[in-house]
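Novice: Encoded as structure tokens, here's the structure I'll be asking about.
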Amino acid sequence: MLYIGCHLSSSKGFEAMGKTALEIGANTFQFFTRNPRGGKAKAIDEEDVKRFLKTAEREGFGRIVAHAPYTLNPCSASEKVRNFAFTAMEDDMRRMEYIPGNYYNLHPGSHVGQGAERGIEMTAELLNRIIKPSQSTVILLETMAGKGSEIGGTFEELKAIIERVEIKEKIGVCLDTCHISDGGYNVKDDLDSVAEEFDRVIGLDYLKAVHINDSLNPQGSHKDRHAPIGKGTLGTGAIAAVINHPSFRGIPCILETPNDLEGYAREIKLLKEAYRG
Ligand code: FE
Ligand code: FE
Ligand code: ZN
């Protein structure tokens, strides 16, 4: 089963996102839990959520993916920023329980000069304060492009965070195809080796979702600029290989390409046609 969707605006609530997803041929989607550059979250409308859950059940949606705001940096050098990360994430975890059993994608953070090791420790520390055994949400660490002082630009760094997380059933990884190519992995020509390396370093059991993006820049560029499918350095063939790879089967595939809804509908159609079910 191919679970394919894209990033959608959450400004009109869950029912609206479900409806939009159906209109563009999607059976999953991603959304920001709150303003991506600020911090404010809208109150949950329980009736809106209930209507969405009904639709999702009826239409056979896969798991959906919430994305934490970009301003959330668990390993900032600033205590104020770290406190925001804790407060926002704790609130997001509470809100996620209205849509139980889904994913919460998080950028592992930027260490801003403190060094990757310290960053890894701080992010794991925050995760251990946040994760409760009773929660139904699995938090996904996103593979990053290694831009600036980002941590999570290598599988080893993600592994180092996961190792330190106490409740491992509640942690996973979301692999971003643009980011890992920019991070130096050969997504374009040798996906098998990338998957093998992921399995060896982290373990494929931890792979829970994929961000499907082409990249404007070549392998190893550490830039993080997404391109529409087929308009970047990866190309449609490499992206089709990702959705068809045995290691990526059955997990939500989320497009974060620069597009309007029509563009997303086209890409979803393209990938459905490329999928060999
Ligand atoms: Fe992201
Ligand atoms: Fe991403
Ligand atoms: Zn990105």
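Novice: Going residue by residue through region 194-217, is there one that turns out to be part of a helix (DSSP H, G or I), charged (D, E, K, R) and open to solvent by less than 30 Å² (accessible area, probe 1.4 Å)?
Specialist: No: zero hits.
Novice: Quick one: is Pro100 closer than 28 Å to Ile212 by Cα, modelled with pLDDT under 95 and part of a loop (DSSP other than H, G, I, E, B)?
Specialist: In short, no.
Novice: Kindly list, by first and then second residue, each pair from a residue in region 1-26 that is open to solvent by less than 20 Å² (accessible area, probe 1.4 Å) to a residue that is of a type in the set (Asp, Glu) and at pLDDT 95 or above, limited to pairs with Cβ atoms under 8 Å and residues at least 6 apart or on different chains.
Specialist: Close Cβ pairs satisfying both conditions: Cys6/Glu256; Cys6/Glu267; Gly13/Asp45; Gly13/Asp48; Gly18/Glu59.
Novice: Any residue in region 117-128 that is closer than 11 Å to Ala160 by Cα sitting within a Cβ distance under 9 Å of a residue that is among the β-branched types (Val, Ile, Thr) and not in a helix (DSSP H, G or I)? List the pairs, counting only those 6 or more apart or interchain.
Specialist: Close Cβ pairs (under 9 Å, with a partner that is among the β-branched types (Val, Ile, Thr) and not in a helix (DSSP H, G or I)) amount to Gly119/Val112; Gly119/Ile151; Ile120/Ile151; Thr123/Ile151; Ala124/Val165.
Novice: Could you list, in sequence order, the residues of region 62-85 that are more than 16 Å from ligand 1 (Cβ to nearest atom) and either among the basic types (Lys, Arg) or open to solvent by 40 Å² or more (accessible area, probe 1.4 Å) (or both)?
Specialist: Of everything in region 62-85, those that are more than 16 Å from ligand 1 (Cβ to nearest atom) and either among the basic types (Lys, Arg) or open to solvent by 40 Å² or more (accessible area, probe 1.4 Å) (or both) turn out to be Arg63, Ala77, Ser78, Glu79, Lys80, Val81, Arg82, Asn83, Phe84.
Novice: Now a separate question. Based on this model, can you work out whether Glu150 counts as over 23 Å from Phe31 (Cβ atoms) and of a type in the set (D, E, K, R)?
Specialist: No: the conditions fail for Glu150.
Novice: Can you name the residue in region 234-251 that is open to solvent by 50 Å² or more (accessible area, probe 1.4 Å) and of a type outside the set (D, E, K, R) and is also nearest to ligand 3 (Cβ to nearest atom) among such residues?
Specialist: Thr236
Novice: Of all residues in region 218-230, which are at negative phi and either free of Cβ contacts under 8 Å to residues at least 24 places away in the same chain or part of a loop (DSSP other than H, G, I, E, B) (or both)?
Specialist: Pro218, Gln219, Ser221, Lys223, Arg225, Pro228, Ile229
Novice: Filter region 142-174 for residues that are within 14 Å of ligand 3 (Cβ to nearest atom) and free of Cβ contacts under 8 Å to residues at least 60 places away in the same chain and give the result.
Specialist: Thr143, Gly148, Glu150, Gly152
Novice: Would you check if there is a residue in region 113-123 being within 16 Å of ligand 3 (Cβ to nearest atom), closer than 21 Å to Lys223 by Cα and open to solvent by 30 Å² or more (accessible area, probe 1.4 Å)?
Specialist: no
Novice: Just a yes or no: is a residue in region 125-146 out of contact with any Lys or Arg (no Cβ under 9 Å at 6 or more places or on another chain), in a loop (DSSP other than H, G, I, E, B), open to solvent by 20 Å² or more (accessible area, probe 1.4 Å) and within 16 Å of ligand 2 (Cβ to nearest atom)?
Specialist: Within region 125-146, one or more residues are out of contact with any Lys or Arg (no Cβ under 9 Å at 6 or more places or on another chain), in a loop (DSSP other than H, G, I, E, B), open to solvent by 20 Å² or more (accessible area, probe 1.4 Å) and within 16 Å of ligand 2 (Cβ to nearest atom).
Novice: Let me ask something additional. Could you look through region 147-193, keep only residues that are within 20 Å of Cys253 (Cα to Cα), within 16 Å of ligand 2 (Cβ to nearest atom) and β-branched (Val, Ile, Thr), and pick out the one that is farthest from the chain's Cα centre (by Cα)?
Specialist: Only one residue fits best here, namely Val187.
The values are calculated or read from the model by the stated rules, or taken from the named source; none is laboratory data. No experiment lies behind these values; they were computed from the predicted model shown. Cβ atoms come from the backbone with ideal geometry, glycine included; neighbour counts cover every protein chain shown. With ligands, DNA and RNA removed, areas are computed over all heavy atoms of the protein, side chains included. Shrake-Rupley method; radii C 1.70, N 1.55, O 1.52, S 1.80 Å.
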